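**Q** Quick one: the structure is below, questions incoming.
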Amino acid sequence: GLAEKLQETFKKLRGKGKLTENDLKAALREVRLALLEADVNLAVVKNFIGRVWERSLGAEVLESLTPAQQIIKIVKEELTALMGDTRSGINFSATGPTTILLVGLQGGGKTTTAGKLALYYKKQGKRPLLVGADVYRPAAIKQLEVLAGQIDVPFFSLGADASPVEIARRAVEHAQRQSQDLILVDTAGRLHIDEELMAELRSMKEAVEPQEVILVVDAMTGQDAVNVARAFQEELGLTGVILTKLDGDTRGGAALSVKSVTGCPIKFVGTGEKLDTLQPFYPDRMAARILGMGDVLSLIERAQSTFDQEKAREIEKKLRRQEFTLEDFLEQIERVRSMGSLEQLLGMLPGVGGAKELRKLQAQFDGKEFVRLEAMINSMTPEERRNPAIINGSRRKRIARGSGTSVQDVNRLLKHFEQTRKLFKQLSEVGSGKGSRKLKP
Ligand code: GDP
Ligand code: MG
């Protein structure tokens with residue numbers, strides 16, 4: 001993938017010490033190829049490489065003692081700028097309810113994303129209303145109603161015989177009566193962009209004057225996603241884009257091109273079929289991820305939405321100070337379990353080695369294993385939990401007896417604990433040196 005290619009390129013640079021203009025040229029040629037292979041728009045790539053080249057020469061990078069690091073820094077800054085510099089969430093209406101139209105082609109993920117947004121903002125204390133206005137495919141209205149039921153959010157529709165404009169208009173009235181403050185309207189898509197679709201969406205937009213018109217588009221389609229975004233922007237006018245299916249084998253090109261081609265910020269990304277797989281889009285974090293620097297902040301934030309803020313802060317502090325005990329270990333596993341899929345978090349971790357270890361850990365900690373783990377840790381003295389190094393042979397025997405497990409089980413636990421501690425140490429190293437960034441930017 002893109003991340004691996006770029007990491008390889010920079011590794012070569014790092015090994016070189018002082019760089020020549022030719023080294024820089026060769027490296028940027030590789031970056032250029034990697035971006036093109038990742039399906040980034042050609043014009044965007046040309047522009048990007050040009051800027052990095054100029055900045056690298058201008059900043060006298062080649063004269064510096066750490067040229068490779070400086071070039072990586074410039075690349076990261078330019079990648080960030082490419083994707084939108086700052087994070088932009090939903091713009092909420094200051095007075096009445098906020099209306100969001102979700103638009104896009106069929107299968108892009110509109111209906112699913114409507115549910116995800118409802119859940120995301122419900123957790124933040126909003127009162128969402130899900131509105132089924134996809135009269136083109138009657139099953140879609142039912143699909144949204146089912147999703148609404150799953151997350152316990154109210155649902156509104158008039159059925160497939162009503163006009164989408166009428167549904168949207170009545171939904172706003174309904175929301176006002178029920179004091180719902182976030183109206184999420186799921187609209188119909190088509191297989192291709194056509195005038196009928198655009199005309200329909202334009203009249204909906206006129207009728208309800210939404211705060212946001214957000215295109216939901218499948219990131220896996222690469223350049224097509226960017227072309228779709230351009231067309232919707234020109235024909236309808238958008239306030240933002242949500243890229244879905246970034247969990248798959250996405251080459252990342254869409255994320256890199258959408259902003260500069262359409263001028264619209266990416267607001268969220270979808271990374272799975274489940275409703276809790278929507279993440280705010282942070283250009284700087286995405287850039288760091290593409291460059292293989294991992295994404296500690298996203299990881300912490302996910303933990304944060306599962307736990308309360310104070311807990312997340314405490315965990316972050318421990319990670320940074322590396323005061324990680326077996327009790328934290330237990331808590332950590334519990335936390336990861338309650339977050340659902342570990343796989344999802346893997347992509348955010350720096351280094352592929354870490355990912356493999358985590359996968360092993362995950363296999364180990366299915367429900368039954370977790371109960372045994374808990375029993376073992378409960379059989380330890382507080383001193384042993386804080387300082388596992390003191391757990392010698394006879395203590396291991398005692399712990400095994402006390403928890404109804406075997407000495408091998410205890411050995412295994414201690415080994416996994418060490419692995420996890422290493423992993424978190426790695427995390428905290430990536431996370432440190434960014435002290436100025438707060439948990440919630
Ligand atoms: P719509 O036609 O635009 O409303 O698209 P749907 O919401 O019905 O989604 C189409 C398919 O894509 C469904 O099978 C969804 O489960 C799936 N989908 C949506 N978002 C994501 C995502 O972020 N990741 C993955 N893997 N699948 C997604
Ligand atoms: Mg749909």
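Coordinate-derived values only; no laboratory data. Treat the numbers as computed from the prediction; the structure is a model and nothing was measured. Cβ atoms come from the backbone with ideal geometry, glycine included; neighbour counts cover every protein chain shown.
**Q** Please give, to one decimal in nm, the separation of the simple spin-label points placed at S64 and A26, each 7 Å out from Cα toward the Cβ.
**A** With each label placed 7 Å out from Cα toward Cβ, I get 2.1 nm.
**Q** Take I390, I193 and order them by how many other Cβ atoms sit within 10 Å, fewest up front.
**A** The order, fewest Cβ neighbours first, is I390, I193.
**Q** For E418 paired with R190, estimate the spin-label separation in nm (one decimal), with each label point 7 Å from Cα along the Cα-to-Cβ line.
**A** Placing both labels 7 Å beyond Cα along the Cβ direction yields 6.4 nm.
**Q** While we're on this one: Can you put E384, E327 in order, fewest other beta carbons within 10 Å first?
**A** Result, fewest neighbours first: E327, E384.
**Q** A further question follows. Using a 7 Å offset from Cα along Cα-Cβ at Q223, what residues in the stretch 1-42 end up with backbone N under 14 Å from the label point?
**A** Only 35-42 fall inside the zone, counting backbone N under 14 Å.
**Q** Moving on to the next point. What ranking of V45, V103 emerges when the number of other C-beta atoms within 10 Å of each C-beta is taken as an exposure proxy, fewest first?
**A** Values: V45 21, V103 26.
Placing the least packed residue first, the sequence is V45, V103.
**Q** Given N residues in the stretch 2-83, what is its alpha carbon radius of gyration divided by 2.2 N^0.38 Å?
**A** 1.00
**Q** Taking the alpha-carbon set of the stretch 134-197, what are its Rg and Dmax in Å?
**A** Expressed in Å, the Cα Rg and Dmax of the stretch 134-197 come to 12.4, 37.
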